[in-house]
Each structure stands twice: as C-alpha cells, then as structure tokens.
Amino acid sequence: MRAVVLTGPGDCEVRDVDPPLPGPLDVVVDVERVGVCGTDVELFAGTMPYFASGHTTYPLRPGHEWCGRVSAVGEQVDRSVIGVRVTGDTMIGCGHCDRCRTGRHHVCDARSEVGIRGGLPGALAEKLCVPAGSLVRLPAGVDEVAGALAEPAGTAVRAVEEAHIGPGARVLVLGAGTIGLLVTLVAIDRGAVVEVVDHSHVALDLARSLGATGAWASIELCSGPYDAVVDASTSASLPRLALDAVEPGRRVVLVGLAGSPSMLDARELVLRDVTAVGVLGGSSGIARAVELFASGGVDPRPVVAATVGLDAVGRVLAGWRPAGCGPGPKIHVDPR
C-alpha cells in the first residue's frame, strides 16, 4: 500500500509499504479521509518535543485525524464490525496502569499516539491498524469530512465542558485555527455568546460566518470580562492575557501549546479566584463530538479548505495551500 513517510526534518516521501496485519485485538481500516494537523507540521519540521524526549524518531508515518471503513479484524474482535464506518482515538494507553483504569489513558506514561508517538503508524496511508477498543462508530449522517474532524472536535468538546458555561454565557476564544473554530461552534451550540481573537482577517471573517458575535484582531479590542476564556492559540503571551480577560471566579481553559514557555502570575489566579484548566487531546470527547455532528447541532465542514491526495502531503506540510481553496484552516487528504 502507499503511505506517507517522514524520513527527517523537511523530508517527506510517499512509499510503497507492506499493508498492516491486525493483532488479536486490532482492526484494519481502509482510510477515507485524514486531516493534516499542526502536530504533523511539527513532526515534519523536526520541532516536535517528542523528538527531544525520545518518544518519537524518524522515520515515522504521521496522521491522527481520520475516518474510514473496517476491512479486517483480529481473531478476538467481533467480525460484525467489518464494513462499519469509524473514526478513532489518537491516544492508546497501556491499559494496565492506574491512569488507564480510571479513564485517563490519554496521559498514560507508556501510551502510544497514532502517527505521533511510540512508533505507531499513522493514517496518512491507504490502510491503518488500530486497537478495536479505540474506535468510535460514525452514523450514516456523518460524512467523511466530519468524520475526520471528530478527533479535533473531541478536544473542542472537552474544552467547552471544562469552561463550565451555560446558555447566555459570554465566551472568548483566543485563536481561530481548527480547534478555536470548533470550540466556537460547540460553545454556540451550548447557547453561549462567543467572541474570537486572531491575527488573520480571513480567520476572523470565517469565525463571524460560523456565528461568532465579535471577531477581533487584538485582545485589547475585546469588551471583557468573560464568563470563560479558551486559549486555543500558540502564543506564549496569551495565557496571561486570558487570565486578565476572565470574570473573577470563572474559568480559563488552555488548549494551545506555544513554542516557548507561557508566563502568568499565579497570584492573580488566587486573588481573582480563577480556575485554570489544561486540556490534552480529545479522547473522552470524540464520541460526544460525533453525536453533535449527527444531531446537526454542529456542522464542522466549513473548517476544511480543500482535499488533496497523498502525493501533495509534503507540500501541505511545508505550508502550501491549493489554488482556489476555501478560508478554513484545515487541509484534508483522501488516500484513495
């Protein structure tokens, strides 16, 4: 089969590789759609912190936002799943530690991450092998575009849940990339009034079209304080400004990761009685994201700008966008 292989910083190839064989508890999925993520860009560039920690090495096969159809199963997996449309969790815990046993497998020290960590091959390929227990079924009404957005939307669902908001709440979202826009959609579905900050006017226009009541190029233009602030940016300065913008006694949710340390004054957390929460990945939110898509409460498809084939992945990772693509931040790949 054909698969994208990263062989070193800035080096991307499409290779013919052996198709996967399922282990006893695994399934093989014929991949239909894959999203290219900022994490994939970091892996391509060689800047991903997992290289320094030894959790990943070249060569590697990326891709962790995916959907497809089960085509083969391991001997201990119910064969009725063959032919079922699915997506799946990126985080694969060891299954034995206390974190895994208490629903926190996404922070298991021994975890693998599909296409990212621990040598687990990713979905930028014609076929993907994953544990059957990591799968989430896709209802008929959830198409390929939405299916491959379920994993990042799971992160957005978790962020909104951690924000503890209800109808009428004022929410500020920092960053209008994929996660920020999905947070915006999920929060609006919860009845929140959402404003967005981003440096890109294209992104701000898209946020307005998705229902944001305010879209600003600078946080200084915002009219806080807000009932919740979600930082989905990669700016090292915005967590501190998020704390300044939130109503005392409310919540700041941190989803984005900056390339350098973010500084904020912990005394302000105490004196303003603010709760700051970090969210790593969408594991526990993926199924709820699929439910939102299936119900029509959230339509994530405007987030996707274009769909390309495997041969274009290297150019996409290097920053290329196809001519005539839409305003969304996400590029999808169809390996077929």
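Summary table below
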item	result
Residue-wise HN-Hα coupling along segment 173-180, computed from phi with Karplus coefficients 6.51, -1.76, 1.60 (Hz; x: Gly, Pro)	10, 9, x, 10, x, 4, 5, x
Amide H contacts of residue 246 (H built 1.01 Å from N, under 5 Å, at least 5 apart or other chain)	226
Total charge dipole magnitude, the chain, about the Cα centre, Cβ charges on Lys, Arg, Asp, Glu only, Debye to nearest 20	220 debye
Residue-span extension gain [residue 75 to residue 260] - 0.36 nm each, minus C-alpha spacing	62.0 nm
Projected area averaged over orientations for segment 155-278, convex hull of C-alpha atoms, nm²	6.5 nm²
Amide H contacts of residue 110 (H built 1.01 Å from N, under 5 Å, at least 5 apart or other chain)	94
Local net charge near residue 329, Cβ-Cβ under 11 Å (Lys/Arg +1, Asp/Glu -1)	+1
For segment 105-179, fraction of C-alpha pairs farther apart than 21 Å, in %	46 percent
Rg ratio (alpha-carbon, reference 2.2 N^0.38 Å) - segment 14-171	1.09
Compactness of the chain as Cα Rg over 2.2 N^0.38 Å, two decimals	0.97
Pairwise label distance in nanometres, residue 58 with residue 299, each label 7 Å out on the Cα-Cβ vector	4.3 nm
Placed amide H near residue 216: partners under 5 Å, 5+ positions off or other chain	196, 197, 198
Cα-based Rg / Dmax (Å) for segment 79-126	12.7, 35
In nm, spacing of pseudo-spin labels at residue 311 and residue 209 (7 Å Cα→C-beta vector)	3.0 nm
FRET efficiency, 1/(1 + (r/R0)^6) with R0 30 Å, evaluated for residue 94 and residue 270 via beta carbons	0.25
Nitroxide proxy distance, nm - points 7 Å out along Cα→Cβ at residue 223 and residue 2	5.3 nm
Segment 319-336 - phi-based ³J(HN,Hα) in whole Hz, Karplus 6.51/-1.76/1.60, Gly and Pro as x	x, 6, 10, x, 4, x, 6, x, x, x, x, 9, 9, 9, 10, 10, x, 7
Residue-span extension gain [residue 321 to residue 15] - 0.36 nm each, minus C-alpha spacing	107.9 nm
Residue 240-residue 101 FRET efficiency (beta carbon distance; Förster radius 35 Å; 0.05 resolution)	0.45
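Every number in this text was worked out from the coordinates using simple rules, so none of it is lab data. Note that the structure is predicted; figures quoted are calculated from it, not measured. Don't worry about glycine lacking a Cβ; one is built from the backbone with ideal geometry, like all the others, and counts go over all protein chains shown.
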